[in-house]
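Beneath this line is the structure, given in structure tokens, with notes to follow.
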Amino acid sequence: MKKILKKFLNNFGLEVRRKPKHGKVLNYDDIYKKKINIDNPIIFDVGTNKGQSIERFKKIFKNPKIFGFEPNPDEYNFTLNKFKNDNDIILKNIALGDKETILPFNVTINTGNSSFYDFNKETDWIKIRSKEFNTNPDNFITKKIDVSCSTLDNFCLINKINHINILKIDTQGYEDKVLDGATKIIDKKVVDFIEMEIM
């Protein structure tokens, strides 16, 4: 996965580096505070889950406009209710990937681990995670649902979005597909910062 993402980002003149061993290491929030000098940045939160990152961004910036994408209807509705009085939070009950389609989605007992990918029940990771949630690997996935999937390129085109300050992606291994569906906006340098989890 790391090699795929590194190669993908290199195509756009972007480089991935290891964090330095010495000196202060800036986290994402530190970088945003230093580099984004506006109160109302445009932020895309791909993989919103329960809105944890939305809360984080609202602490960093005064009036961010945040587009959140969450394919799990239960978590989407939870987050919609949580931010119902905030007109600057726009939530979409869709996934983002590399094409317009409908895909089966694995909802896990800990919904933050839900993924388009199947789980290898023999790994230590799933055994430890299952134990944390008082279940076993066979029951770690609670259900499969079909979800609508779009692309960032299409979403930005349809909604006339020509600049994104922060693109945060946390999609449990589906990050490369999200980036594949964002090649036009990345190529046009529409996005200032990309923050993502690499698993």
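The values are calculated or read from the model by the stated rules, or taken from the named source; none is laboratory data. Fair warning: this is a prediction, and the values are worked out from it, not measured in the lab. Counting neighbours? That spans all protein chains shown, and the Cβs are built from the backbone with ideal geometry, glycine included. Accessible surface areas use protein heavy atoms only, side chains included; no ligands, DNA or RNA. Shrake-Rupley method; radii C 1.70, N 1.55, O 1.52, S 1.80 Å.
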- Task: Determine which aspartates and glutamates satisfy two conditions relative to Lys7: a Cα distance under 13 Å, and not lying fewer than 8 residues away in the same chain.
- Result: Glu15, Asp176, Asp180
- Per residue value of the accessible surface for the chain (all protein chains in place, 1.4 Å probe), Å²: 60 Å²
- Query: What order, most packed first, do the peptides 94-106, 41-53 have when packing is the mean number of other Cβ atoms within 10 Å of each residue?
  - Reply: 41-53, 94-106
- Using just the alpha carbons, could you tell me how many Å³ per residue the convex hull of the stretch 117-195 encloses? 121 Å³
- Starting from 0 in steps of 10 Å, tell me what percent of the Cα-Cα pairs of the stretch 65-134 lands in each bin. 17, 40, 30, 13, 1
- Whenever you get a sec, compute what percent of the accessible area on the chain sits on carbon and sulfur atoms (1.4 Å probe). 49 percent
- About the Cα centre of the chain, what is the dipole size in debye to 20, counting +1 per Lys and Arg Cβ and -1 per Asp and Glu Cβ, all else neutral? 780 debye
- When the charge dipole of the stretch 105-176 is computed with +1 at the Cβ of Lys and Arg and -1 at the Cβ of Asp and Glu, the Cα pointing farthest to the positive end, of Ser148, Asn110, Gln172, is that of Asn110
